[in-house]
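The values are calculated or read from the model by the stated rules, or taken from the named source; none is laboratory data. Just so it is clear, the structure is predicted and the values come from calculations on it, not from any experiment. As a convention, Cβ positions derive from the backbone with ideal geometry for all residues, glycine included, and neighbour counts pool all protein chains shown. Remember, those area values only see protein heavy atoms, side chains included, never the ligands or the DNA or RNA. Shrake-Rupley method; radii C 1.70, N 1.55, O 1.52, S 1.80 Å.
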Amino acid sequence: MKTIWGRLWTIFLVPVVLFVLWLVVSADSSNFFFPALAKILAAFRDTWLCGSGAAEIAPSLWRLAVGFLAAFAFALVAGVILGSSKVARDYTEPVFEFFRAIPPTVMIPVLLVISGIGDASKIAVISLGCVWPMLLNTIEGVRSVDSVLKDTCSVYRIHGLRRLLVLTLPAASPQIVTGMRTGLSIGIILMVISEMFASRNGIGFTIIQFQRTFAIPEMWSGILLLGIIGVVLSLLMRLFEMSVLHWYEGARERS
């Protein structure tokens, strides 16, 4: 129990101190563009907890989830294939480098022309941004599987799907999860940007509407909401990482 409380203290001490400092320093603010934190919190309550803004959260999170999972599925399959075959890597590396160099935000106007302002274009943008860190980490993780373990599987005639499940994926899982964590951060950014271009709903769309109507406290409350979502998703990813990689953490501590 002491370990849990100590860990929570470590995680939340600095954010709480900064939050209190922001509250105190901005208490007497008369700047129109940088209102007091108390006003922002009141706008947060009225907009995102009790107001119409609450309905804008679900569409954004749904697009993020679909885009992230689609990118992960592609990255996992392609990463295992490319990581297992040097020939496949040699043929596809120039193509991947070409598309990886294109910022996903540049594709937003193109996708809007093709798919319109619906969810499809936004999900595609999120997937294009999330896929690269997950794909590259999966490839590297599969490539770096211990050769001794590979030879052991060959000796015991462990091949095909069974080898994938008992050796390749577990051995590559630390780097796969690292790619997922990075991809999630990029996905949150692209979720907001894609909604700011041409959209009918979503957090990014709502923040832009507040900015255009000079509802500054409400605009700042949307930015605060994005920070909270980022922290919550990061903690959920950490819990997922602990559940999937508990064996890896234990082995690392023993070493």
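Among the acidic types (Asp, Glu) and surrounded by 15 or more Cβ atoms within 10 Å (Cβ to Cβ) - does that describe any residue in region 87-96? The answer is no, given that none of the residues of region 87-96 is among the acidic types (Asp, Glu) and surrounded by 15 or more Cβ atoms within 10 Å (Cβ to Cβ).
Among the residues of region 134-161, those that are closer than 21 Å to residue 72 by Cα and not hydrophobic (A, V, I, L, M, F, W, C) comprise 137, 138, 140, 141, 143, 144.
For region 111-124, filtered to residues that are more than 24 Å from residue 93 (Cβ to Cβ) and among the aliphatic types (A, V, I, L, M), the residue that is modelled with the highest pLDDT is 123. One residue alone among 102, 188, 158, 114 is outside any helix (DSSP H, G or I), out of contact with any Phe, Trp or Tyr (no Cβ under 9 Å at 6 or more places or on another chain) and under 30 Å from residue 229 (Cβ atoms), and that residue is 102. One residue is enough: does region 213-221 have a residue meeting the conditions surrounded by fewer than 19 Cβ atoms within 10 Å (Cβ to Cβ) and in contact with a helix residue (DSSP H, G or I) (Cβ under 7 Å, 6 or more places away or on another chain)? No, that holds for no residue. Screening residue 51 with (1) without any contact (Cβ under 8 Å) to a residue 40 or more places away in the chain; (2) open to solvent by 40 Å² or more (accessible area, probe 1.4 Å) gives one miss only, at (2).
Checking 111, 149, 135, 165 one by one, the residue that is open to solvent by less than 20 Å² (accessible area, probe 1.4 Å) and either of a type in the set (A, V, I, L, M) or in contact with a helix residue (DSSP H, G or I) (Cβ under 6 Å, 6 or more places away or on another chain) (or both) is 135 and no other. Among the candidates 118, 179, 129, the residue that is closer than 21 Å to residue 65 by Cβ, open to solvent by less than 60 Å² (accessible area, probe 1.4 Å) and in contact with a Leu (Cβ under 6 Å, 6 or more places away or on another chain) is uniquely 129.
One residue stands out in region 54-65 among those that are of a type in the set (A, V, I, L, M) and open to solvent by less than 50 Å² (accessible area, probe 1.4 Å): the one that is modelled with the lowest pLDDT, namely 54. Figure legend. Inter-residue proximity from region 154-167: first residues modelled with pLDDT under 90, second residues open to solvent by 50 Å² or more (accessible area, probe 1.4 Å) and in a helix (DSSP H, G or I), beta-carbon distance below 8 Å, spacing 6+ or different chains. Indicated pairs: 158/166; 167/149; 167/150.
Screening the candidates 77, 16, 95 for the property of being in a helix (DSSP H, G or I), at pLDDT below 90 and closer than 30 Å to residue 165 by Cα yields one hit, 95. The set of residues in region 191-209 being open to solvent by less than 40 Å² (accessible area, probe 1.4 Å), part of a helix (DSSP H, G or I) and of a type outside the set (A, V, I, L, M) consists of 194, 195, 204, 206. Within region 59-99, take every residue that is touching a residue at least 24 places away in the same chain (Cβ under 8 Å) and of a type in the set (Val, Ile, Thr) and give me the one that is farthest from residue 147 (Cα to Cα). Checking each candidate, the answer is 66.
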